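Here the structure comes first, spelled out in structure tokens, and everything after it is commentary.
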Amino acid sequence: METLRWQDHTLYLLDQTQLPLTETYLTCTRWPAVADAIRCLAVRGAPAIGVAATYGAVLGAQKIAGETTDAAAFGDRFLAVCDALEGTRPTAVNLHWALARMRDVAAAALKTDSCTAVVGRLEAEAMRIDEADREINRRMGQFGAAELAQLGRPLTILTHCNAGALATAAFGTALGVVRALHAQGLVRMVYADETRPLLQGARLTTTELAADGIPVTLITDNMAAWTMKTKGIDAVIVGADRIAANGDTANKIGTYGVALLAAAHGIPFYVAAPVSTFDRTLEDGTGIPIEERAADEVRQCGGLATALPEISVFNPAFDVTPHEYITAIVTEHGVLHHPDSQVLHEFFRKEGI
Ligand SMILES: CSC[C@H]1O[C@H](OP(=O)(O)O)[C@H](O)[C@@H]1O
């Protein structure tokens, strides 16, 4: 099972809305199909939607190059495709920087190359972004495992949502750390929040970890506090969709509550995210756009969509955890402890990023 595959100028996307019952792939030959897949969470997870969007942009470029040889016309139409793909979901910053790279490649190539040649350069850039994500996640996994191994015993971990291979091109961010720990025999149990309303934890995290032979126990979101109190949780680790310059972190709705619970129980709370998830244009988390989704996603369980059609629903897909509640952020360049503006500024300066 792979999140996505680019082959013969076609993007194959694992349709995650059908998991775990059915493993089926969407065959995307046109960019709108990729936009729809991102919008309905057939492909989801900050890195995965960034990679998928770049291949969607290549599909758009392929079509445009088949219809015009005029560089200006190509450029205008390609920007419109990138804008449409970027408008599919607002919170995950990966979608935005990945498409910015595609726009930059197109703008530079159009100065000298034919439209057909520009498509080739765009495809090469998308493949670079795809391959880089796979390598970054493995490096991040090693840094995270080295950090958590210092707790000195096989670990009982709690995680929220799915920040696994299914949220990335491969291997995962938070679950990449879990995989690296498991490879060292350092995972006693992973408690996975089901993660209402779309159940990424119940449907995806349990499936991923069980498939890799990693011990996993499913809990409902409202069990997290009692699980922390009674099951000896050693650490919480989650992914991220966007991290502000002071370390405030946007992640799946419910993450903020888990961070508060971890603090109340004296449990370290880790975020695993590549440096590309940092948005240093934002001073703090108040500027992070929070996606709100359809009411029926909340009402879908228990027949509520039928029983309570007129009840108003609040359905933010993400929340923001203040950096004060984050023990450390694990990246592919190392671990940022007690993140704040100064720690992040010094980290980026030292790493030359
Ligand atoms: C490694 S990023 C995964 C991140 O994305 C998820 O959101 P969604 O399933 O809506 O794309 C969730 O916030 C995960 O932590």
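Candidate cross-link partners of Lys350 among the aspartates and glutamates, defined by an alpha-carbon separation under 17 Å and a same-chain spacing of 8 or more, comprise Glu332, Asp340.
With Cβ to Cβ distances under 15 Å as the rule, what net charge do the other residues near Gly352 carry (K, R +1; D, E -1)?
Values: positive: Arg280, Arg349, Lys350; negative: Glu332, Glu346, Glu351.
Overall, the nearby charge balance is 0.
Ranked from largest to smallest solvent-accessible area, with a 1.4 Å probe on the protein heavy atoms, Asp104, Asp248 come out as Asp104, Asp248. By accessible area, using a 1.4 Å probe on protein heavy atoms only, segment 4-134 has 54% of its surface on carbon and sulfur. In degrees between 0 and 90, to the nearest 10, how far off the longest principal axis of the chain does helix 255-264 point, with axes built from Cα atoms? Relative to the chain, helix 255-264 is tipped by roughly 30 degrees.
Around the amide H of Glu291, modelled in the peptide plane, lie the amide H atoms of Thr91, Ala317, Phe318, all under 5 Å away and 5 or more residues distant in sequence or on another chain.
Spin-label pair Arg128-Ala225: with each label point 7 Å from Cα along the Cα-Cβ axis, the two points sit 5.0 nm from one another. Between Leu59, Gly201, Val105, the Cα set farthest toward the positive side of the dipole of the chain (charges on each charged residue's Cβ, about the Cα centre) is that of Gly201. For the chain, the mean projected area of the C-alpha convex hull, equal to one quarter of the hull surface, is 18.2 nm².
Pull up the cross-link candidates among the aspartates and glutamates for Lys111, meaning alpha carbon to alpha carbon under 15 Å and not fewer than 8 places away within one chain. Cross-link targets: Asp70, Asp76. Accessible surface ranking for Trp97, Trp226, 1.4 angstrom probe, highest first: Trp226, Trp97. Taking Lys and Arg as +1 and Asp and Glu as -1, the other residues whose beta-carbon sits under 13 Å from that of Asn94 total -1. Extension gain for Ala210-Gln142 works out to 22.4 nm (0.36 nm per residue, less the C-alpha to C-alpha distance). Here's the list of aspartates and glutamates a cross-link from Lys229 could span, going by alpha-carbon distance under 19 Å and ignoring same-chain residues fewer than 8 apart: Asp193, Glu194, Asp221. For Leu4, the residues whose amide H sits under 5 Å from its own are Leu14, ignoring neighbours fewer than 5 places away on the same chain, with H placed 1.01 Å from N.
Just want to confirm a number: the relative contact order over segment 139-351, from Cα pairs under 8 angstrom separated by 6+ residues, in percent. Numbers along the way, then the final one.
Details: 442 pairs, mean separation 47.0, N = 213.
Reported as a whole number, the value is 22 percent.
What accessible area per residue comes out for segment 139-351, rounded to a whole number of Å², with a 1.4 Å probe?
Working: 8400 Å² over 213 residues.
Ligands and nucleic acids excluded, the result is 39 Å² per residue.
What a 1.4 Å probe finds exposed on segment 139-351 is 56% carbon and sulfur by accessible area, rounded to a whole percent.
Residue order by solvent-accessible surface for Thr17, Thr159, Thr281 is Thr281, Thr17, Thr159, largest first, with ligands and nucleic acids left out and a 1.4 Å probe. Converting phi to 3J(HN,Hα) with the Karplus coefficients 6.51, -1.76 and 1.60 and the offset θ = phi - 60°, segment 286-296 yields 5, x, 6, x, 9, 5, 10, 10, 5, 4, 5 Hz in sequence order, with x at every glycine or proline. What the phi angles of segment 331-339 give under the Karplus curve with 6.51, -1.76 and 1.60, with θ = phi - 60°, is a coupling list of 10, 7, 9, x, 10, 9, 8, 6, x Hz, glycine and proline written as x.
Roughly what % antiparallel, to the nearest 5, for the DSSP beta bridges in the chain? Each step should come with its number before you reach the end.
On the way: 19 of 38 bridges.
Of the beta bridges lying entirely in the chain, close to 50 percent run antiparallel.
Of the whole protein surface, His96 contributes about 40 Å² of accessible area at a 1.4 Å probe radius.
Show that you can apply the helix-only estimate: for the chain, add -39,500 (n - 2.57) for every DSSP H stretch of four or more residues, divide by all residues, and state [θ] at 222 nm to the nearest 500. Present the calculation step by step, with values, prior to reporting the outcome.
On the way: 12 runs with 149 residues, N = 353.
Using -39500 (n - 2.57) per qualifying helix, the result is -13000 deg cm²/dmol.
Computed from phi, the 3J(HN,Hα) profile of segment 51-61 under the Karplus parametrisation 6.51, -1.76, 1.60 (θ = phi - 60°) reads 5, 4, 5, 5, 5, x, 5, 5, 4, x, 5 Hz, with x in place of Gly and Pro. Using a simple spin-label model with pseudo-atoms 7 Å out from Cα toward Cβ, Ser114 and Asp340 lie 5.9 nm apart.
The values are calculated or read from the model by the stated rules, or taken from the named source; none is laboratory data. These numbers were taken from a predicted model, which means no experiment stands behind them. Ideal geometry is used to build each Cβ from the backbone, glycine not excepted, and the neighbour counts take in all protein chains shown. Areas reflect the complete protein model, heavy atoms only, side chains present, ligands, DNA and RNA absent. Shrake-Rupley method; radii C 1.70, N 1.55, O 1.52, S 1.80 Å.
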